[in-house]
Amino acid sequence: MSSTTETADRVQAGGAAGPGQEPVRARIPAAVKLPTKESAAAAKRRDRVLTILVPLCVIGVLIGLWQVMVTVNDIPHYILPGPGLVLNSLLTDWPVLLPALWVTTKITLASLALALIGGGGMAILLVQSRWIETALYPITVILQVTPIIAVAPLILIYAPTTQSALLICAFVVAFFPILSNTVQGLKSVDHNLLNLFELNGASRWQTLIYLKLPASLPYFMTGLRIGGGLALIAAVVAEFAAGSAGAGSGLAFRLLESQFRLNISRLFAALFLLASLGVVIFAMTSFISWWTLHRWHESSLKREN
């Protein structure tokens with residue numbers, strides 16, 4: 001027993017394990033290096049740069065493959081123009097495309113704002129009473145499931161102007177996602193918190209303002225991001241159905257005009273502006289969602305691991 005204890009002591013001290021045996025080195029674990037503030041900041045900057053560079057590199061590769069395909073196969077420009085022709089058309093036709101872009105942007109943002117007000121207000125009304133929800137919610141579902149391209153001719157007949165008809169079409173499409181998400185959020189409040197508010201004698205409006213609305217905010221922001229993209233899609237589809245032309249027309253008319261004239265490079269330029277507008281709207285709604293939730297909600301909080 002004493003020899004065993006002495007051997008253990010020698011092992012810990014880094015001496016010989018015993019007669020005729022090789023010395024045993026004590027294995028001391030290396031110190032774990034904790035990340036410093038400088039290294040954490042550098043890692044964060046690297047992640048931000050990669051978040052921007054990786055999508056840009058992918059887009060650049062796709063554009064390069066597009067140019068190679070056009071050049072190798074000798075595709076005529078009236079069938080598939082190269083990226084250079086599209087860029088040239090975007091610059092030369094800018095006085096024509098810019099007003100159309102502004103018209104489409106105004107209709108999209110106005111319809112989204114109306115959908116936010118109408119969808120949020122209707123959601124608050126529906127959750128106040130089960131009978132109100134039973135009476136009104138099926139009507140909103142019918143409006144959502146009916147294709148807007150089928151309803152657009154009727155709206156064009158009864159609306160006072162073409163612009164108001166386009167606004168109504170975009171509103172109808174963007175309205176339901178905001179409504180359904182907000183209703184789901186208002187119904188997903190923790191029942192324990194509801195009981196706590198009742199025990200403390202909170203009124204219905206106090207419960208709504210201080211508990212239900214903050215709890216439904218993440219759902220509302222999800223509906224906002226979905227509704228932003230759908231509003232743009234509905235605005236373009238409604239303009240296709242309306243067939244509006246002239247100085248007050250949007251990008252949808254420029255797409256049709258370019259198709260009829262076989263000006264495919266302008267068509268691609270208008271399509272690029274539409275896609276860019278959609279990306280900007282998504283970025284705006286995502287930033288609003290992050291700015292609203294990043295201080296307190298789990299979906300936007302940064303984790304250390």
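The values are calculated or read from the model by the stated rules, or taken from the named source; none is laboratory data. Everything numeric here is computed off the predicted structure, so don't read it as measured data. Reconstructed Cβ throughout: ideal geometry from the backbone, glycine too, with neighbour counts over all protein chains shown. Just the protein is used for accessible areas: all its heavy atoms, side chains included, with ligands, DNA and RNA removed. Shrake-Rupley method; radii C 1.70, N 1.55, O 1.52, S 1.80 Å.
Results, tabulated for the structure shown:
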quantity	calculated
Whether region 90-205 is rounded, prolate or oblate, judged on the alpha carbon gyration tensor where a/c under 1.5 counts as rounded	prolate
Potential extension, residue 69-residue 284 segment - 0.36 nm per residue separation minus Cα distance	73.9 nm
Portion, in percent, of the accessible area of region 155-267 that falls on carbon or sulfur, probe 1.4 Å	62
Ranked packing of 202-212, 44-54, most packed first, by mean Cβ within 10 Å	202-212, 44-54
Per residue accessible area in Å² of region 106-146, where ligands, DNA and RNA are left out and the probe is 1.4 Å	55
Distance between region 94-108 and region 178-207 - C-alpha centres, whole angstrom	42
